[in-house]
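Here the structure is laid out as C-alpha cells; the discussion comes afterwards.
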Amino acid sequence: MVRKMPYYVEPYDTAERPRKFLEAFQAILTHSNYDMVLDHYSRIGARCSRCTSMCPVYQVSGEDRDIPCNRSELLLEIYRRYFTTGGKTKARLFNGFELTDEHIDDMAENFWRCTACRRCKLECPMGIDHGLLTHLGRWIIAEIGIVPKALVVSVREQLEGETKNTSAIPVPALKDNCDFLEDEFEEIYGIRVPFPIDTPNPEWVFFPAVSDYLLEPDTLMGVAAVMWITGGSWTIGTGNFDGINYGLFYSDRMLGRIIRAEADEVRRLNGSGVLVGECGHASRAAKGFLPTYAGGKDAPNVLNIMQYTHRMWKEGKLELIENAIRERTTYHDPCNLARNGWITEEPREILNHICEDFVEMTPNRTEAYCCGGGGGAVSIDEIREFRTKTGGKTKADQIRTTGARWVVAPCANCKKQVAEVIEDNGLAEQAEVTGLHDLIMKSIDWEKLRKERGIEMPTEQEDS
C-alpha cells in the first residue's frame with residue numbers, strides 16, 4: 001500500500017489495523033466518558049453542511065472531505081456499526097458497513113486536515129462539536145501507532161527524554177539563555193531585570209511554550225519586565241519549564257501525563273499556581289485539565305500572562321505609554337483563548353491604549369478564524385504548503401485587508417504559523433508577527449522607571 005502521509009510513524013503495512021483500531025476504540029470507551037457523547041451525536045447527527053460556512057479549510061479547498069460533518073461521520077459510522085445494538089443487528093442481517101484499511105487511511109488523512117479550531121460548532125444546529133470528534137479520532141488511531149512524527153518525537157522527549165521538554169533544551173542552556181536576556185536588559189535599558197529560577201514558595205510557576213526560549217526572546221523579556229515592575233512572585237522551574245501539551249491535539253492519555261508533570265513541578269517548588277506564557281493551547285490545557293488530572297479542587301490555579309498584565313495595568317501597578325506604537329496594529333485571536341470567549345478583551349484594552357492605530361480583523365473574538373496551524377498541524381513541516389495556503393489563506397486575506405504592520409499573535413503556535421502565512425502569501429513587505437508583550441516592553445518609560453527606582457544608566461550606555 002502506498003503511504004498517503006509520509007510524516008506518520010505508522011508503517012502502513014500492518015495487516016491487523018481494523019481489529020486493533022476497534023480494540024483501541026473499545027478501551028477508550030470503557031475508560032472514558034466519550035461513550036455518552038458518541039451515543040448522543042450518533043443519534044442526532046446532522047448532515048446539513050451548515051458547518052461549511054464556518055470552516056476556513058473547506059472554504060478554500062471546496063473538497064467534500066473537508067466538510068466537518070463529513071469528517072465526523074467517518075468516526076460516527078464506526079461507532080454505530082460496532083458499538084450499538086442496532087448497528088450490530090443491521091450488519092448481521094444486511095451485510096452493512098465493515099471497517100477496512102482504506103477507511104482508516106481516510107481517517108488518518110482527514111483528521112489531520114482539520115485544525116480543530118471548533119469554529120464549525122458555532123453554526124451546527126445540533127450543537128455537535130466536530131473538533132472534539134476529530135480529537136477522539138486522532139486519539140484512537142494514535143493508539144494503533146498512527147501519529148505524525150513531529151508530535152511523537154516531541155512528546156517522547158517531554159515525557160521520557162533527558163531534557164523533559166519538547167524542544168530538548170537542557171537546564172544549563174536554559175540558565176545561560178536567561179542570563180543572556182538579563183544582560184540584554186541591562187545593555188539596552190540600563191536595568192537588570194531578573195529571570196528567577198527555582199525560587200521556592202512563589203505565587204506563580206511560569207510555563208511558556210518552551211520554544212519561546214529559543215525563538216521569542218522579546219516576548220520573554222516583556223513578561224519578565226512586567227513581573228519585575230509589578231513585584232510579581234514568580235519563578236521558572238528547572239524540573240519542568242515547558243507549557244506545551246501536544247496531548248491536547250491527539251491523545252487524552254498523553255494530555256493527562258503532561259498535565260500531571262506540570263502540577264508536580266508546581267508542588268515541588270511549593271507554588272500556588274501556574275502562570276502560562278503567550279500560548280493558547282498551553283493555557284487551555286492547563287486551565288481545562290489540571291482539575292481533571294491533577295487534584296480536582298486542590299489543583300493549582302491557572303492564569304494566562306495577558307490576564308496578569310491586564311490586571312496590573314488596570315490596578316495602576318504597570319504604567320504604559322499611550323500611543324507608544326505608531327504603526328498600524330491588529331490582533332489575532334488564538335482559537336484556544338477566544339473560541340469560548342475566555343480571553344478576548346484584556347489584550348484589546350491594552351492594545352487600544354498603547355497603539356495609535358489599532359484595527360480589528362473581521363470576524364474576531366469567538367468567531368475569529370484560525371491561523372491555519374491549529375490542532376498541532378503547525379508542528380508538521382511536511383504540510384506547510386497546505387497549512388499556509390489552504391488552512392491559512394483566510395487569515396492571510398484578513399491581514400491583507402487590515403493593512404497592519406504588526407500582527408499581534410499571543411501564542412507560540414500562532415506566531416510560527418502566522419509568520420509562515422505572511423511569508424507564503426506575499427505579505428512580508430506589509431506585515432510582521434509579534435507578541436503582545438513585545439509591544440508592551442516598547443511601551444514602558446524606562447527612563448522614568450530608572451529615576452523612580454534610583455537606577456543610573458551606565459555612562460557607556462548614555463554615550464551610545
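Values quoted throughout were computed directly from the atomic coordinates according to the rules given, and no laboratory measurement underlies them. This one's a predicted model, so the numbers in the text were calculated from it and none came from an experiment. Cβ coordinates were reconstructed from backbone atoms using ideal geometry, including for glycine residues, and neighbour counts include every protein chain displayed.
Points to keep in mind about this one:
- Inter-part distance, region 409-449 to region 182-239, computed on C-alpha centroids, equals 19 Å.
- If the convex hull is drawn through the Cα atoms of region 217-289, its volume per residue in Å³: 94 Å³
- With Cα atoms, 0 to 90° folded angle of helix 68-83 axis to the chain main axis: 50 degrees
- Cα centre as origin, Lys/Arg/Asp/Glu Cβ charges: region 29-118 dipole, Debye: 480 debye
- Cα-derived Rg to Rh of region 78-160, Kirkwood definition: 1.06
- Normalised contact order of the chain, rounded percent, pairs of Cα under 8 Å and 6 or more residues apart: 15 percent
- Backbone amide hydrogens, once placed in the peptide plane, bring GLY243 within less than 5 Å of ALA209, VAL210, excluding anything fewer than 5 places away on its chain.
- A convex hull fitted to the Cα coordinates of region 125-260 yields 151 cubic angstrom per residue.
- Each of CYS124, ILE146, ILE350 was placed along the dipole of the chain (beta-carbon charges, centred on the mean Cα), and the one lying farthest toward the positive end is CYS124.
- Shape summary: region 329-442 maps onto an equivalent ellipsoid whose semi-axes, from the alpha-carbon gyration tensor, are 21, 16, 12 Å in decreasing order.
- Degrees between helix 130-143 axis and first principal axis of the chain (Cα, 0 to 90, nearest 10): 80 degrees
- Selection from ALA224, THR235, VAL274 lying farthest towards where the dipole of region 209-286 points positive, charges on Cβ: VAL274
- Placing +1 on each Lys and Arg Cβ and -1 on each Asp and Glu Cβ, with no other charges, gives the chain a dipole about its Cα centre of roughly 2340 debye.
- Our summary of shape: the Cα atoms of region 17-147 have principal axis extents of 39, 30, 28 Å, ordered from largest down, in whole angstrom.
- Region 125-188: GluC sites (Glu not before Pro) in DSSP loop, at most 16 other beta carbons within 10 Å: GLU162
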